[in-house]
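Enquirer: Attaching a single structure in structure tokens format; questions to follow.
The values are calculated or read from the model by the stated rules, or taken from the named source; none is laboratory data. Computed from a predicted model, the values in this text were never measured in an experiment. Virtual Cβ from ideal backbone geometry, glycine too; neighbours counted across all protein chains shown.
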Amino acid sequence: MYRRTVRLALLFPLLCALSCLPARATVVRFQVSLGDTPAGDIYIKLFDAEAPVTVANFLNYIDDGNGKRRYDGTFIHRSMPGFVLQGGGYSYDPAQGTFGTAASTPHIPQDDPIVNEFDFSRSNLRGTLAMAKSPSGPDTATSEWFFNLADNSANLDYQNGGFTVFGRVLGPGMDLVDSIAALPVTAEDPPFTDLPVTGYTAGDPILASNLVILSRAEVVQAVQPAMQDFGPTALGTVATATVTLRNLTDSPMTLGTIGANALTAPFSIGNDTCSGAVLAVTDSCVLTIDYQPQAAGDHEATLNVTTDSSELGSFSVALRGTAAAQAATLAHDAPSGLDFGDLGAGAQRQLNLTLSNTGLDPLTLNHIAFTGTGAGHFSVSGNCQTLNFGDNCSETLTFAPTGAGPVNVQLEIRSDDPAQPLITIPVLATASSDNDGVPDTVEAAGPNNGDGNRDGIADDQQDNVASLPDTAGVYVTLEADAGTRLRSVDVQQSPAPATTPVAARDSATLEFPNGFFSFTLEGIAAGGAATVTLHLPAGQSTSSYFKYGRLPNDFFLVPEHWYQFDYDGQTGAEIQGNRVILHFIDGGRGDNDQSANGRIVDPGGPAVLTTDDSSSGGGCSLQRGNSSRHLPLEWLLVALFVAMIRIGHPERPDKKRLDEADVTVGKTAAGRSGRPGAALVQAGS
């Protein structure tokens, strides 16, 4: 366990170098009002990396992700000119009584106090934002914060463990802070002994219009919005959106020239106040972008605006739009038809068909049904009726044959789509006497008049026997134990063509003349043993059997891979002339679903190895078959991860090779504080 921990620790820096990229500092905007009158905005750059706990706490009060925005509607409740301006604690609801009562001016809900993150590298200098706390200890900050109106480092850096600075006001924001600090102060009952007010006459009741209110606190980005979705737009019309670029760095910034070719149709630049603009700190410019589609479909683009800022680099705006005809248009997700495969009586297979409206007008579906010979084997169930633009619905289509016979059906869908009121979807399905997945007509055409295993019973009448042509067109037969059932029998060239095993030296060849067979074996006891006999064409011999999948001891990140399935006394391929007996244990080696569930899933095929004994040299190496494609970066990382974990582990017995000099298996790497008004009580008063 210790060695594995060390390997993971060594791997992490590599993974982090690729994914742990630095993020720009978070910027917050305070929208301040004097009563109901907007006074301006204060932009604050947060010290995300330097005070992560404090910043996270502050952002959670701004928006906890569940609809709670606790700072919105609070007011500045303490002003000490030349010292601090404090807020983040109280809201006022005149409907609950006069100002200053517990009901009318409650403290906002507080989270648990946070650990103090003061550091002398972040002193309480003018223009910084810090957390208020109780005199009872350094780790008592909750929701309240204050602006430093002057250099308070000699006092606040050394008092009560130091007051944590976690942000700094950008640009001209301190002008607004200073103007608030210049307002007259009235002494009310604690904690409002230093309450800044506007338009207030001494002795009158304090109204909401007399308070300095933080109407909204929010996180802002240099680009707003950073992703502009124009939504559904009718062909030939124009949709316009506004994008604001703002300088949230620490110094003035010059924008590059955008130019007429910055975007390609159907997107284009409309009004442009940004090209070549020099933006002071927190200043902004505006772009309008037009979306005028001429062809139906989804459209995407990215607008990049360069700057001379080493901090920002450039602005990027992602654009997206969907163009559609005005009229209702029916679309579905089965362009190549519906394939139910081969089923016998008593079985059923369901497919889901998704229908959608890609036109702007509402679409009404009038009729959905199967028609043709054998339509009685099919049924439709769903709730598709009326679809607005972009809406979709699902119909469940069921094939449940009641007996063998011809099937020649199609699915008809009628709607008020003016261009295509009737859509016909072809259906592929066969109703057979058994349920092995091979049509009766295919099995009946096999050798011995359709009795491939010569047991006197036609193969198309037995669930445990299936005959079908291999990839060369020559019939083979799969025979499972009596009482078990073969399902989904099929043959293919290779389940992983890019990594199909090859011979390791030029003097040897490894071939798979029959292709690879896949099937599911059912009806066995959970965790029990079973066999499937593969009857190959007369006269054919084979050398080994290869499978593609996963082994019981594979690490969970190891992808499917090739391995030899030679017989080890319990599982594997026992070769007897032109017969290959596949021995399985449910959930064990050879069962690709790796689960003791009474089902064995098998993809694999017999191999023929030919060697030239007169040649010398050779050797075995792990290759990617005949493929020269490069692995994607994510799989290289997975491969490295797996390799590091498995260093020092010997090869498992189930990885035996047919002939280590001749064969190579290709692999794919695949306590809350008291009344917060007590905060800073002794801080220089």
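Enquirer: I'm trying to understand the selection: among the residues of segment 242-257, which are surrounded by fewer than 19 Cβ atoms within 10 Å (Cβ to Cβ) and of a type outside the set (S, T, Y)?
Expert: D250, P252, G256
Enquirer: Any residue at all in segment 390-409 that is charged (D, E, K, R), more than 13 Å from A431 (Cβ to Cβ) and assigned to a strand (DSSP E or B)?
Expert: Yes: segment 390-409 contains one or more residues that are charged (D, E, K, R), more than 13 Å from A431 (Cβ to Cβ) and assigned to a strand (DSSP E or B).
Enquirer: If you don't mind, another one. For segment 136-150, name all the residues that are over 11 Å from L85 (Cα atoms) and either in contact with a Ser or Thr (Cβ under 8 Å, 6 or more places away or on another chain) or at pLDDT below 95 (or both).
Expert: Correct list: S136, T140, A141, T142.
Enquirer: Which fully enclosed strands (runs of 3 or more DSSP E) of segment 257-361 have 3 or more residues being in the same structural domain as N392 (by TED's automatic domain parsing) and aliphatic (A, V, I, L, M)?
Expert: Correct list: 349-357.
Enquirer: If you go through segment 181-192 one residue at a time, do you hit one that is part of a helix (DSSP H, G or I) and of a type outside the set (V, I, T)?
Expert: Yes, segment 181-192 contains at least one residue that is part of a helix (DSSP H, G or I) and of a type outside the set (V, I, T).
Enquirer: Return yes when T101 is surrounded by fewer than 19 Cβ atoms within 10 Å (Cβ to Cβ), part of a loop (DSSP other than H, G, I, E, B), assigned by TED's automatic domain parsing to the domain that holds I62 and β-branched (V, I, T) and no when it is not.
Expert: yes
Enquirer: Separate question: Consider T237 against the criteria (1) surrounded by fewer than 16 Cβ atoms within 10 Å (Cβ to Cβ); (2) outside any loop (DSSP other than H, G, I, E, B); (3) not assigned by TED's automatic domain parsing to the domain that holds D72: it satisfies all of them except one. Which criterion is unmet?
Expert: T237 satisfies every listed condition except (2).
Enquirer: Let me ask something else about it. Considering only segment 349-370, how many residues are farther than 16 Å from E412 by Cβ and surrounded by fewer than 13 Cβ atoms within 10 Å (Cβ to Cβ)?
Expert: So the count comes out to 2.
Enquirer: Just need a number here: residues in segment 528-545 that are under 16 Å from A472 (Cα atoms) and among the polar types (S, T, N, Q).
Expert: 3
Enquirer: A further question follows. Hey, can you tell me all the residues within segment 429-444 that are more than 13 Å from D490 (Cβ to Cβ) and of a type in the set (A, V, I, L, M, F, W, C)?
Expert: Once the filter is applied, which keeps residues that are more than 13 Å from D490 (Cβ to Cβ) and of a type in the set (A, V, I, L, M, F, W, C), segment 429-444 yields A429, A431, A444.
Enquirer: Any chance segment 374-382 includes a residue that's within 30 Å of S433 (Cβ to Cβ), under 33 Å from the mean Cα position of the chain (by Cα), among the hydroxyl-bearing types (S, T, Y) and assigned to a loop (DSSP other than H, G, I, E, B)?
Expert: Within segment 374-382, not a single residue is within 30 Å of S433 (Cβ to Cβ), under 33 Å from the mean Cα position of the chain (by Cα), among the hydroxyl-bearing types (S, T, Y) and assigned to a loop (DSSP other than H, G, I, E, B).
Enquirer: Pairs, please: C-beta under 8 Å, at least 6 apart or cross-chain, first residue farther than 24 Å from I44 by Cβ and in segment 242-267, second among the aromatic types (F, W, Y)?
Expert: From segment 242-267, the pairs are P266/Y291; F267/Y291.
Enquirer: If you go through segment 501-545, how many residues are on the phi < 0 side of the Ramachandran plot and either part of a loop (DSSP other than H, G, I, E, B) or not assigned by TED's automatic domain parsing to the domain that holds Q570 (or both)?
Expert: 19
Enquirer: Can you tell me how many residues within segment 245-256 are part of a loop (DSSP other than H, G, I, E, B) and hydrophobic (A, V, I, L, M, F, W, C)?
Expert: Total satisfying the criteria: 1.
Enquirer: Among the residues of segment 462-497 satisfying the criterion of being part of a strand (DSSP E or B) and charged (D, E, K, R), which is farthest from T520 (Cα to Cα)?
Expert: Of everything passing the filter in segment 462-497, E479 is farthest from T520 (Cα to Cα).
Enquirer: Then there is this: Picking from L11, L21, which residue would you name as being at pLDDT below 50 and not in a loop (DSSP other than H, G, I, E, B)?
Expert: From the options L11, L21, the qualifying one is L11.
Enquirer: Let me ask something else about it. Here's a check for you: in segment 541-570, which residue that is closer than 25 Å to D455 by Cβ and surrounded by 18 or more Cβ atoms within 10 Å (Cβ to Cβ) is nearest to the chain's Cα centre (by Cα)?
Expert: Filtering segment 541-570 for residues that are closer than 25 Å to D455 by Cβ and surrounded by 18 or more Cβ atoms within 10 Å (Cβ to Cβ), the one nearest to the chain's Cα centre (by Cα) comes out as Y545.
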